[in-house]
Amino acid sequence: MSNASWDAAVRQFATMRLVSVLPDTPVAEIQALLEREDISAVPIVDRQGVLCGIFSTTDLLRIARIEMESPRALARVWLPPHRVSDVMRKEVVAVDENASLREAATKMLERRIHRVVVTRHASPVGILGTRDAMRAILAARVMDPLSQVMTTDLQTIALGETIDVAIGQLTDANVHGIVVVDGSWPVGVFTQREALKARALPHVLRQGPVEQVMSYETICHDVSTPLYRIAGQSIEMNVRRILAVDSRRLVGIATGFDLLRVMRA
């Protein structure tokens, strides 16, 4: 395909509706905001509109704790009574709205991040995330196969393993999600979002199978499927993870982040 597609300005595909919070916003309020807006991160701006940090679901998991009021009481996720300025990441990767998609994708890949803040005259005005990047791939009708961008080093867990084991494996592997399998066939994923909710369960319930709390929000595609088709289905179904199969065998996984590689080529 022509490289001209990736020379397009970021503003053409970014979400130019900035959802942001002030530095003194309580973390608990941001958790509710992330769930309500169905987003995974929020920029932090001061009252003059200056970008000063970012806070994501990964940061939420990092500071969350489990509190038990009594041995028989239900556990709940407990968030420290911090303002977001106490726990946000101050180093924010940003690109100008006139920067190319290639430049934005390169920054995301090099820094291994799933979004960049879009700025206008140094002020934040939007976000370019992996979901936005998939819209660009769909528009460009990228014919490259899934096999070209998928990750083959993937973490799996049997659907009968306990929720506690799944939480431990997700933490130890330091990944965003693990694939739940029935034998060799993928049936779902267990991600940081499911882990955050699962940690609020009492100990006895966390001994249940991971199948009870996994997410079914996945799609399976053959390794030969063109990326534009995968991007379109992912957008339509609001799915973040694509499982790659070859002869009904799980061989890889891809996210919107992985699809960015075609933009840097």
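Does Ala139 satisfy being surrounded by fewer than 16 Cβ atoms within 10 Å (Cβ to Cβ), over 18 Å from the mean Cα position of the chain (by Cα) and more than 22 Å from Glu91 (Cα to Cα)?
Here the answer is yes, as Ala139 does meet what is asked.
I need the full set of residues from the range 126-157 which are farther than 14 Å from Ala254 by Cα and of a type in the set (Lys, Arg), in order please.
Arg135, Arg141
How many residues does the range 1-47 hold that are farther than 25 Å from Ile63 by Cα, outside any loop (DSSP other than H, G, I, E, B) and not charged (D, E, K, R)?
Going through the range 1-47 one residue at a time, the tally reaches 8.
Identify all residues within the range 48-80 that are assigned to a loop (DSSP other than H, G, I, E, B), buried (at least 16 other Cβ atoms within 10 Å of the Cβ) and at pLDDT 70 or above; write none if there are none.
Once the filter is applied, which keeps residues that are assigned to a loop (DSSP other than H, G, I, E, B), buried (at least 16 other Cβ atoms within 10 Å of the Cβ) and at pLDDT 70 or above, the range 48-80 yields only Ala64.
Go through the range 209-265 and give me each residue that's under 25 Å from Val116 (Cα atoms) and basic (Lys, Arg).
Residues satisfying the conditions are Arg229, Arg240, Arg241, Arg261, Arg264.
Which of the residues belonging to the range 168-180 are in a loop (DSSP other than H, G, I, E, B) and surrounded by 17 or more Cβ atoms within 10 Å (Cβ to Cβ)?
Correct list: His176 only.
Checking the conditions here, which among Ile242, Ile235, Ile253 is more than 13 Å from Val149 (Cα to Cα) and under 21 Å from the mean Cα position of the chain (by Cα)?
Testing whether each residue is more than 13 Å from Val149 (Cα to Cα) and under 21 Å from the mean Cα position of the chain (by Cα) leaves just Ile235.
I'd like to verify a number: residues in the range 188-218 that are at pLDDT 90 or above and hydrophobic (A, V, I, L, M, F, W, C), how many?
5
Only one residue in Arg193, Arg248 is crowded, with 20+ Cβ neighbours inside 10 Å, out of contact with any Lys or Arg (no Cβ under 6 Å at 6 or more places or on another chain), basic (Lys, Arg) and not in a strand (DSSP E or B), so which one is that?
Result: Arg193 is the single residue among Arg193, Arg248 that is crowded, with 20+ Cβ neighbours inside 10 Å, out of contact with any Lys or Arg (no Cβ under 6 Å at 6 or more places or on another chain), basic (Lys, Arg) and not in a strand (DSSP E or B).
Limited to the range 256-265, what total is found for residues that are modelled with pLDDT of 90 or more and within 14 Å of the chain's Cα centre (by Cα)?
So the answer is 3.
Looking only at residues that are touching a residue at least 40 places away in the same chain (Cβ under 8 Å) and outside any loop (DSSP other than H, G, I, E, B) in the range 181-190, which one is surrounded by the fewest Cβ atoms within 10 Å (Cβ to Cβ)?
That would be Trp185.
Filter the range 138-167 down to residues that are assigned to a helix (DSSP H, G or I) and within 11 Å of Phe190 (Cβ to Cβ), then give me how many there are.
Total satisfying the criteria: 4.
Can you tell me which residues in the range 196-219 are touching a strand residue (DSSP E or B) at 6+ places or on another chain (Cβ under 6 Å), part of a loop (DSSP other than H, G, I, E, B) and loosely packed, with under 15 Cβ neighbours inside 10 Å?
Tyr216
The values are calculated or read from the model by the stated rules, or taken from the named source; none is laboratory data. Model, not experiment: these values are computed from the prediction. Methodologically, a virtual Cβ is constructed for each residue, glycine included, from the backbone with ideal geometry; neighbour enumeration extends over all protein chains shown.
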